[in-house]
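Notes to accompany the following structure.
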Amino acid sequence: MRLLKRLLGGHDRGTAPLLYQAVVAEGRRPHWYQTGQVPDTIDGRFDMIAAVLSIVLLRLEAEPEGAAPNAALAECFIQDMDGQLREIGIGDIVVGKHIGRMMGMLGGRLTAYRAGLAAGSLQDALVRNLYRGHAPEDAALAHVEAELLVFRGKLAAAPIASVIAGKLPA
């Protein structure tokens, strides 16, 4: 089976698909959209999943054994975005450009959230990246920031093997 996967261009991503499913499930939790006022649109859902994914990628990059799962998780993101774009009718000719843009957006978010965490506040990064420059009510912004920080804390406390296995803390 592995030979067939190699010949057809696919490779074993280990538990990354399970971890990616857990990231998406976390990013789709209703409280982000209701209490946090994240727009419940295609862009808003992308931005929320990218925020959660960024926090998970930052956790993986903090551990030597997280390097390969980090790359595999990013590949799952690319594969999912490719499928989502095709599902909404984006043609083969421009899918690559859109994926490239999305990867750039994810990279920008990683940098912004990393800097925000180092500075002690995610609010500026959230307004710019999650709300696309349109700040929500203060309580909504505070909710999203607090919940992402709690999520980050729980991830930091979880064994890396558990995170890699796709078991995100509740």
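The values are calculated or read from the model by the stated rules, or taken from the named source; none is laboratory data. Since the structure is predicted, the reported quantities are computational estimates derived from the model, not experimental observations. In this analysis, Cβ positions are derived from the backbone assuming ideal geometry, glycine residues included, and neighbour counts consider all displayed protein chains. Calculation scope for accessible area: heavy atoms of the full protein, side chains included, ligands and nucleic acids excluded. Shrake-Rupley method; radii C 1.70, N 1.55, O 1.52, S 1.80 Å.
Structure summary
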{"quantity": "Low-density loop cleavage sites - trypsin sites (Lys or Arg not before Pro) in the range 78-147, where at most 12 other Cβ are within 10 Å (DSSP)", "calculated": "132"}
{"quantity": "Cα-based Kirkwood hydrodynamic radius, the range 31-91, one decimal, Å", "calculated": "13.0 Å"}
{"quantity": "Over the chain: helical MRE at 222 nm, DSSP H runs n ≥ 4 each giving -39500 (n - 2.57), nearest 500", "calculated": "-23500 deg cm²/dmol"}
{"quantity": "Rg(Cα)/(2.2 N^0.38 Å) for the range 110-170, N = residue count", "calculated": "1.24"}
{"quantity": "Amide hydrogen neighbours beyond the local backbone of residue 130, cut-off 5 Å, H modeled", "calculated": "none"}
{"quantity": "Heavy-atom accessible area per residue - the chain, 1.4 Å, Å²", "calculated": "54 Å²"}
{"quantity": "Farthest toward positive dipole pole in the chain [+1 Lys/Arg, -1 Asp/Glu at C-beta], among 163, 64, 42", "calculated": "64"}
{"quantity": "At least 18 Å along the helix axis (C-alpha) and Kyte average at least -1.0, DSSP helices within the chain", "calculated": "42-61, 67-87, 92-119, 138-157"}
{"quantity": "Global form of the range 98-145, assessed from the alpha-carbon gyration tensor, a/c cut-off 1.5", "calculated": "oblate"}
{"quantity": "Kirkwood Rh, Cα atoms: Rg over Rh of the chain", "calculated": "0.97"}
